[in-house]
1. Filter the range 46-65 down to the residues that are within 19 Å of D94 (Cα to Cα), surrounded by fewer than 20 Cβ atoms within 10 Å (Cβ to Cβ) and in contact with an Asp or Glu (Cβ under 7 Å, 6 or more places away or on another chain) and list them by number.
2. Of the residues F373, F342, only one is more than 30 Å from V292 (Cα to Cα) and either assigned to a helix (DSSP H, G or I) or not assigned by TED's automatic domain parsing to the domain that holds D227 (or both); which?
3. Tell me the residue from S414, S460 that is in contact (Cβ under 8 Å) with a residue 40 or more places away in the chain, closer than 19 Å to V140 by Cα and among the polar types (S, T, N, Q), please.
4. Quick one: which residue in F234, F211 is of a type in the set (A, V, I, L, M, F, W, C), at negative phi and not assigned by TED's automatic domain parsing to the domain that holds L291?
5. Six or more apart or on different chains, Cβ under 9 Å: which pairs go from a residue in the range 55-73 that's farther than 14 Å from V42 by Cβ and in the same structural domain as L30 (by TED's automatic domain parsing) to one that's modelled with pLDDT under 95 and surrounded by 13 or more Cβ atoms within 10 Å (Cβ to Cβ)? Could you list them?
6. Among the residues of the range 69-91, count how many are surrounded by fewer than 21 Cβ atoms within 10 Å (Cβ to Cβ), within 31 Å of the chain's Cα centre (by Cα) and not in a loop (DSSP other than H, G, I, E, B).
7. Taking the options R178, R209, name whichever one is surrounded by fewer than 16 Cβ atoms within 10 Å (Cβ to Cβ) and modelled with pLDDT of 95 or more.
Amino acid sequence: MSKLWGGRFTKKTDQLVEEYTASIMFDKELAEEDVQGSLAHVTMLGKQGILPADDVEKIKDGLHRVLQRIKRDDIEFTIGDEDIHMNIEKTLIDDVGTVGGKLHTGRSRNDQVATDMHLWLRKRVVEFVDMLYKLQSALVEQAKANIDTIVPGYTHLQRAQPILFAHHLMAYVSMFGRDIERLQDSYKRINVLPLGAGALAGTTFPIDRHFVAKELKFDRVYENSLDAVSDRDFILEFLSHASIIMMHLSRLSEELILWSSTEFRFVELDDAFCTGSSIMPQKKNPDVPELVRGKTGRVYGNLVGLLTVLKSLPLAYNKDMQEDKEGMFDTVKTLQGALQLFAPMIATMKVNKEQMRQAVNKDFSNATDIADFLVGKGLPFRQAHEVIGKTVLYCIEQNKFLLDLTMEEFKQFSSLFDDRIYAVLQPEQVVNARNVYGGTAKEQVEGAIARADAALAETSAWVVEYMGRSR
């Protein structure tokens, strides 16, 4: 059968050109969205009197049958028909006859594919908000279970100050909360209708774009037809947000890998999320966080790839823009895999509270509190800093920790020390002394958890509402 667009041509397309330019191998992912957009479009053509009612009903009935075949995976898409739009149109024509060729009245593949991607991506964004909600919930539950667990806090991967493990986990709740906010904000730029822009300049038919937008639950339509068919900002924005999410997951992955090592032994990941060694029977490898850490690079690459494709494209549509889909599909698949695994992995993680406590007792992360104690006695902070530096050096040389020192040893470095220093140095006191908003004191962390619970309820309600809009 000749190409649906073949009237202008006197030669068949070279087979290598067909294979090189075809996109059906990957844009078949948009099949359901393509039919969804076509149903709204043909309904509008009937409403506007552009197509007779009988033709509209035949086309709609045929599209519903095509959709059912798509869901059953009962259509053999071919490279000869290039892309998802031409494959579906040909399938429709085979089903309802030549009247199916009227479906394309008043539109172009340029505005059609843009519409498909808007429809497809808006649903994925809501799904990702839901996945992040589940991950946040798992982190919050672990925080609640570890509200009294003290762990060394680090800077430069060196022990710095004791903190609540719950406080550490809630830092990631905050990160993923920003990710949710970014995705929610991006929805309003995704939920814009390009259909009706035609190839680049609109159409001569009296279409009603706002009717189509309402049918497809879009909030608004593109103001400019050139922009409508050439805009891929909404995909770039998603790829950027996905990159940040993967970066956050990668940071948490790195900590899980460290914490589960023999050197730390702070946590143990459930067997269901680890693998073994083919040669070393004792091994329990944290493969899931390692792979998430590794796959972060491919998501970054997809963002940079599309930025590079678009950087010098003149208006409006160019074939280069066919490169907008594979990276988007790959990023969605990669991010889905990571988030689906992370929530249950966090939920089933065992926390070694005793090991964390021993780590806190055998370091100098309470040193800052001694300096603050001396400042409270009137010593300038810089002098107090020097005093404690010398005290720590003495402890290292004597193979002791600060709580091991006698009062006589303390007074070697400052006469301002008194017996109250032993209470100041206790890990619980060190943690709870930081009772400022956002600090690690138990009271503040409990407040953060309460606020997170409220935010989770709002996120859950948003997902329910917007999942309905995306169907």
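1. The one that is within 19 Å of D94 (Cα to Cα), surrounded by fewer than 20 Cβ atoms within 10 Å (Cβ to Cβ) and in contact with an Asp or Glu (Cβ under 7 Å, 6 or more places away or on another chain): R65.
2. Numbers: F342 fails: more than 30 Å from V292 (Cα to Cα).
None of the other options fit; the residue is F373.
3. Working: S414 fails: closer than 19 Å to V140 by Cα.
Just one listed residue meets the conditions, S460.
4. Values: F234 fails: not assigned by TED's automatic domain parsing to the domain that holds L291.
After ruling out the rest, the residue left standing is F211.
5. Here the result reads R69/I75; I70/K28, each pair linking the range 55-73 to a residue that is modelled with pLDDT under 95 and surrounded by 13 or more Cβ atoms within 10 Å (Cβ to Cβ).
6. 2
7. Working: R209 fails: surrounded by fewer than 16 Cβ atoms within 10 Å (Cβ to Cβ).
Just one listed residue meets the conditions, R178.
A quick yes/no check of all residues on (1) free of Cβ contacts under 8 Å to residues at least 40 places away in the same chain; (2) outside any loop (DSSP other than H, G, I, E, B):
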site	(1), (2)
E290	yes, yes
T296	no, yes
L306	no, yes
S312	yes, no
Y317	no, no
K325	no, yes
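The values are calculated or read from the model by the stated rules, or taken from the named source; none is laboratory data. Note that the structure is predicted; figures quoted are calculated from it, not measured. Backbone-built Cβ (ideal geometry, glycine too); neighbour counts: all protein chains shown.
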